[in-house]
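So the structure is just underneath, and the comments pick up after that.
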Amino acid sequence: MINFNKNNRKIVTYITLFCLFISFTSCGGGGGDDPEPTPDTTPPTASILIFPSENSACTEGTNVSETESSIVFEWNASKNTDSYSLTIKNLNTQKTVSHTSSNTSLSVRLKIATPYSWTIISKSNHSDKNATSNTWKFYNAGAGTTTHAPFPAEVVAPVSGANITSNTVNLDWEATDIDGDISTYEVYFGTSNNPPKYKDGITESILNEITVTAGNTYYWKVNTIDEQGNISSSALFNFRVN
């Protein structure tokens, strides 16, 4: 029989404690929890719009009243995205509303017989950079609508808020119509923010060589008229002559 003396017992005790220490540290004991993984800060990508289609007459909404219908907006999922901001602009009033969704579709109530534009902003919880989709226009058609007003004209040049140095200016705009029957334009122009009518019966989307004076701010807008007599009015544009 092996007889352990006092010194031998001490050695065994030390070896046992050492093995326990190695086992404890190798298993992560005393080292705290594993660090949290670093979040992916890659910015989101832009979403691709699906519905309502670009430059379309939306007839698939569900009427909820005589003046409103409910439309389900749809778009493709974008990478590195936690939420989406659906931004809708009433092109008649230029008022914008935004709705947040974690899904790729959202039902929104809108006025019928009204033109709108919409866009999707993709957002990430781990990045301060967003991604913006294309902007599409559509006309929320009411029940039984057979003709549609043109989309309000958009400025081409001079861009709103521009400063120009010239004695003359060319007013350039663009307009689209679902029915493709734009007939004429009316241009309102002057130094007042409620400019008077400058010219009507215009068949081209440009007015050339308008005389302007340095030191003035000019305001202008365009009415677009189709063959059915439907009229849409643009936003009010402005520029300053230096």
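The values are calculated or read from the model by the stated rules, or taken from the named source; none is laboratory data. No experiment lies behind these values; they were computed from the predicted model shown. Ideal geometry is used to build each Cβ from the backbone, glycine not excepted, and the neighbour counts take in all protein chains shown.
Of the residues making up region 59-78, those that are at pLDDT below 95 and either part of a loop (DSSP other than H, G, I, E, B) or aromatic (F, W, Y) (or both) are T59, E60, G61, V64, S65, E66, T67. Of T147, T119, all but one fail to be out of contact with any Asp or Glu (no Cβ under 9 Å at 6 or more places or on another chain), surrounded by 13 or more Cβ atoms within 10 Å (Cβ to Cβ) and of a type in the set (S, T, Y); the exception is T119.
Within region 82-100, residues that are in the same structural domain as S127 (by TED's automatic domain parsing) sit with their Cβ atoms under 6 Å from residues that are not in a strand (DSSP E or B), at 6+ positions apart or across chains, in these pairs: D82/S124; D82/N125; S83/S102; L91/P152; Q94/A235. Residues in region 189-205 that are acidic (D, E) and over 32 Å from the mean Cα position of the chain (by Cα): D200 only. If I ask for residues that are in contact (Cβ under 8 Å) with a residue 60 or more places away in the chain and closer than 12 Å to V212 by Cβ, which ones from region 164-199 would you list? Those that are in contact (Cβ under 8 Å) with a residue 60 or more places away in the chain and closer than 12 Å to V212 by Cβ: I164, T165, S166, V169. Per this entry, T211 is counted among residues that are surrounded by fewer than 15 Cβ atoms within 10 Å (Cβ to Cβ) and in contact (Cβ under 8 Å) with a residue 40 or more places away in the chain. Scanning region 79-100 for residues being of a type in the set (V, I, T), within 30 Å of I231 (Cα to Cα) and modelled with pLDDT of 95 or more gives a total of 4. Scanning region 104-127 for residues that are in contact with a Pro (Cβ under 6 Å, 6 or more places away or on another chain) and either not assigned by TED's automatic domain parsing to the domain that holds S53 or not in a strand (DSSP E or B) (or both) yields S124, H126, S127.
Would you mention how many residues in region 101-129 are at pLDDT below 95, small (G, A, S) and under 30 Å from A175 (Cα atoms)? Total meeting the criteria: 1.
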